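The values are calculated or read from the model by the stated rules, or taken from the named source; none is laboratory data. Treat the numbers as computed from the prediction; the structure is a model and nothing was measured. Cβ: placed from backbone, ideal geometry, glycine included. Neighbour counts: every protein chain shown. Each accessible area value is taken on the protein alone, full model and side chains, heavy atoms only, with ligands, DNA and RNA left out. Shrake-Rupley method; radii C 1.70, N 1.55, O 1.52, S 1.80 Å.
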Amino acid sequence: MAKLPIYLYGTEILKKKARPIAGIEGPVIKLMVDLTETMRKANGIGLAATQVGDMRQMLVVDLTAIERVGRDEEEEAAPPPPSEVKTLVMINPVVVDEEGTWSMEEGCLSLPELRAEVDRAERIRVKFRDHNFDVTELTTEGFLGRVILHEIDHLNGILFVDRIGRTRRTFLNSELKRIKKGEVDTSYPVVTALEV
């Protein structure tokens, strides 16, 4: 397992569209494991391959963390041991249906210390290949759907700040410039636009 560095806003790879994966083989399995490990070590809820500099269409979501979201602090227990964490692996995901719209504040490991309200579909249906490369379909809503849409955006070269209005984005310009220069404090290794 490897804890990979996460590419920050301003790196060219985050604006590129990832390529489909043709099948399960050693390097694909390694990417699954490394993505999951990197997401957990960075305390993320989801992570797309492009965020670690890999141009394959794969994302992971920490379902255990999704289940914990929204609980009262009093109910919040210590995080489960790694062996009990449930991870959703999505290979070549495609959104086949969307319904409704709702707004929520989002953050991103590639845009540390930055949050903004983003409108997304309330209910989605996604077709993808799972960790066994079996064709799977998932219908979900709420926070899990939002996380999946956020990560699929990454695979298509779209960041959440691309989904907010131009005026709202103008207010974030100084923070975006700071991230682009790597002037952020993270608990995980990063790659900045200045390093590539």
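Kyte-Doolittle mean at least -0.5 and Cα extent at least 15 Å along the axis: which DSSP H helices of the chain qualify?
Details: long enough: 26-41 (22 Å, 0.10); 142-155 (20 Å, 0.62).
Counting only whole DSSP H runs, the qualifying helices are 26-41, 142-155.
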### Simple spin-label estimate for R68 and F171 in nanometres, 7 Å along Cα-Cβ
3.0 nm
### GNM result for the chain, Cα springs below 10 Å: residue of G182, G165, G44 fluctuating most strongly
G165
### Query
What's the Kirkwood radius of segment 131-196 in Å, using all Cα pairs?
14.9 Å
## Note on the structure
Filtering GluC sites (Glu not before Pro) in segment 137-196 by DSSP loop and by at most 13 other Cβ atoms within 10 Å leaves E183, E195
### Query
For the chain, with every protein chain kept in place, what is the accessible area per residue (1.4 Å probe, Å²)?
52 Å²
### Message
With n ≥ 4 as the cut-off for DSSP H runs, can you work out [θ] at 222 nm for the chain, using -39500 (n - 2.57) per run divided by the number of residues, rounded to the nearest 500?
### Response
-7500 deg cm²/dmol
### Message
With a cut-off of 8 Å between alpha carbons and a minimum separation of six or more residues, what is the relative contact order of the chain in percent?
### Response
28 percent
### Task
Convert 10 °C to kelvin, take the viscosity as 1.306 mPa s, use the Kirkwood radius over C-alpha pairs of the chain as Rh, and evaluate the Stokes-Einstein diffusion coefficient in µm²/s, rounded to a whole number.
92 µm²/s
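One-quarter of the Cα convex hull surface for segment 80-196, in nm²?
Details: hull surface 36.8 nm².
Over every viewing direction, the Cα hull of segment 80-196 projects on average to 9.2 nm².
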### Message
Leaving out ligands, DNA and RNA, and with a 1.4 Å probe, what % of the accessible surface on the chain is carbon or sulfur?
### Response
48 percent
## Note on the structure
With a Förster distance of 30 angstrom and the Cβ-Cβ distance between K17 and K181, calculated FRET efficiency to the nearest 0.05 equals 0.70
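Once fully extended, how much extra length lies between D134 and V95, figured as 0.36 nm per residue of separation less the alpha-carbon to alpha-carbon distance? Could you put the intermediate results ahead of the total?
Details: separation 39, 0.36 × 39 = 14.04 nm, distance 1.66 nm.
The span from D134 to V95 would gain 12.4 nm if fully extended.
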### Message
When a/c reaches 1.5 or more, the comparison of a/b and b/c decides; with that in mind, is segment 6-67 rounded, prolate or oblate per its Cα gyration tensor?
### Response
oblate
